[in-house]
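Worksheet: the structure to be examined is printed underneath.
The values are calculated or read from the model by the stated rules, or taken from the named source; none is laboratory data. Just so it is clear, the model here is predicted, and its values are computed rather than measured. Cβ coordinates were reconstructed from backbone atoms using ideal geometry, including for glycine residues, and neighbour counts include every protein chain displayed.
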Amino acid sequence: MNVELLGKPIHIIKDELANILNNSLLGLTDQIQKWVKTHELTISVTSIDFQSPKQGQHAAFTVAHNDGGMMNFRCSAPLLIALADRFYHSPVNRLNSVKSQTITSSDLRLQERIGRLFSAQIAPEDMWKSCDNSLSDDIGLVIQLSVTCEETIGDIIICIDSALIQTLTSVIGLQPTPELNALFSQQLESTKVKLNTVLCEKQMPLDQVLQLKPGDIFDIDLLQSSPISIGQEHLFNGHVAEQNGQLVLIINTSKDT
């Protein structure tokens, strides 16, 4: 994973993309059904995971976002051939012949068309441009869709690189809202904490400590500089003084004073 993503809420991207896909699958399925002229086509989300981009048997359609990052889109070969045969009104079923199961330029154009349909669900069409670059091997987000077209079952794989995750996190409004940040800060600032300080220390031989009993009295000397902390975190130092007839602890301007 790109080091710039460490500490960022990248799970928000995963959840948001899952919501986008689930909400748009009905419309996407309907559009592709019209293109390939069959109602016997279904699409479902199989998985959305952070992993390295998956490689396929043929070139993927790749787009770059204007603000940085890339995404590629690939149909599995049998599925793409089945869709293309219906889209281009092929007189023969190429899946019935092993020699005919070669991905053509026409097949890749249909893959690009479907890929643009999906990318438009993530960001407006004018924010994407096609490119020939390959995604790096860095960990990104891989979305796998299961597609059934009549008797053919295949997959659509969408890979999003770490740079695009960064863009989606910072540009497309998937960061926590300022209102939530302000509310969190207010709650954090009003949280009560326990302040600890050491006013005195005394060293005694172990045999004297073992002889101590309730009611014993021994002399102590107040520390000239008392450390003040919350838990194990040393914040600053203070010194003991008398004010209005009682002992008080005055905080110094610096913990090194």
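Of these, Arg116, Arg94, which one is surrounded by 13 or more Cβ atoms within 10 Å (Cβ to Cβ) and closer than 23 Å to Leu26 by Cα?
Going through Arg116, Arg94 in turn, the sole match is Arg116.
All but one of (1) in contact (Cβ under 8 Å) with a residue 60 or more places away in the chain; (2) out of contact with any Gly (no Cβ under 8 Å at 6 or more places or on another chain); (3) crowded, with 20+ Cβ neighbours inside 10 Å hold for Leu80; which doesn't?
So Leu80 meets the others, but not (2).
Just checking, how many residues over segment 123-148 are in contact with a strand residue (DSSP E or B) (Cβ under 8 Å, 6 or more places away or on another chain) and more than 16 Å from Ile20 (Cβ to Cβ)?
Going through segment 123-148, the residues in contact with a strand residue (DSSP E or B) (Cβ under 8 Å, 6 or more places away or on another chain) turn out to be 123, 127-135, 139-148.
Still in the running and more than 16 Å from Ile20 (Cβ to Cβ): 129-135, 139-140, 146-148.
Residues that pass the stated criteria total 12.
Condition test on Ser136, is it touching a helix residue (DSSP H, G or I) at 6+ places or on another chain (Cβ under 9 Å), farther than 17 Å from Pro78 by Cα, modelled with pLDDT under 90 and small (Gly, Ala, Ser)?
Considered against the rule, which asks whether it is touching a helix residue (DSSP H, G or I) at 6+ places or on another chain (Cβ under 9 Å), farther than 17 Å from Pro78 by Cα, modelled with pLDDT under 90 and small (Gly, Ala, Ser), Ser136 comes out as yes.
Only one of Thr62, Thr46 is on the phi < 0 side of the Ramachandran plot, buried (at least 17 other Cβ atoms within 10 Å of the Cβ), in contact with a strand residue (DSSP E or B) (Cβ under 7 Å, 6 or more places away or on another chain) and in a strand (DSSP E or B). Can you tell me which?
From the options Thr62, Thr46, the qualifying one is Thr62.
Looking at Gly231, Gly154, Gly215 in this structure, which one is closer than 30 Å to Leu117 by Cα and either modelled with pLDDT of 85 or more or outside the structural domain of Asn133 (by TED's automatic domain parsing) (or both)?
Gly154 is the lone residue from the list that is closer than 30 Å to Leu117 by Cα and either modelled with pLDDT of 85 or more or outside the structural domain of Asn133 (by TED's automatic domain parsing) (or both).
What about Gln111, is it exposed (fewer than 15 other Cβ atoms within 10 Å of the Cβ) and touching a Leu at 6+ places or on another chain (Cβ under 7 Å)?
no
Look at segment 30-60 and say how many of its residues are closer than 15 Å to Asp155 by Cβ and more than 21 Å from the chain's Cα centre (by Cα).
Residues in segment 30-60 being closer than 15 Å to Asp155 by Cβ and more than 21 Å from the chain's Cα centre (by Cα): 10 in total.
Look at segment 68-122 and say how many of its residues are in contact with a Cys (Cβ under 9 Å, 6 or more places away or on another chain), of a type in the set (Lys, Arg) and farther than 21 Å from Asn22 by Cα.
Selection size over segment 68-122: 1.
Among (1) surrounded by fewer than 19 Cβ atoms within 10 Å (Cβ to Cβ); (2) in contact with a Cys (Cβ under 9 Å, 6 or more places away or on another chain); (3) more than 22 Å from Ile13 (Cα to Cα), there is one condition Lys37 misses while meeting the rest; what is its number?
Status for Lys37: all satisfied but (2).
Just to be sure before I move on: is Gln187 surrounded by 10 or more Cβ atoms within 10 Å (Cβ to Cβ), part of a helix (DSSP H, G or I) and either out of contact with any Ser or Thr (no Cβ under 8 Å at 6 or more places or on another chain) or modelled with pLDDT of 80 or more (or both) in the structure I sent? So that I can check it myself, show each step before the final result.
Numbers: surrounded by 10 or more Cβ atoms within 10 Å (Cβ to Cβ): no; part of a helix (DSSP H, G or I): yes; either out of contact with any Ser or Thr (no Cβ under 8 Å at 6 or more places or on another chain) or modelled with pLDDT of 80 or more (or both): yes.
Answer is no for this residue.
Within segment 208-237, which residues are within 17 Å of Asn196 (Cα to Cα), over 44 Å from the mean Cα position of the chain (by Cα) and surrounded by 10 or more Cβ atoms within 10 Å (Cβ to Cβ)?
Leu222, Leu223, Ser225, Ser226
Restricting to segment 207-246, give me the number of residues that are part of a helix (DSSP H, G or I) and basic (Lys, Arg).
Within segment 207-246, residues that are part of a helix (DSSP H, G or I) and basic (Lys, Arg) number 0.
For segment 122-141, state whether one or more residues are among the hydrophobic types (A, V, I, L, M, F, W, C) and over 20 Å from Ala163 (Cβ atoms).
So in segment 122-141, the residues among the hydrophobic types (A, V, I, L, M, F, W, C) come out as 122-123, 127-128, 131, 135, 139, 141.
Then drop every residue that is not over 20 Å from Ala163 (Cβ atoms), which leaves none.
No: zero hits.
Suppose the filter is touching a His at 6+ places or on another chain (Cβ under 8 Å), among the β-branched types (Val, Ile, Thr) and either modelled with pLDDT of 95 or more or not in a strand (DSSP E or B) (or both); does Ile103 pass it?
So Ile103 fits the description; yes.
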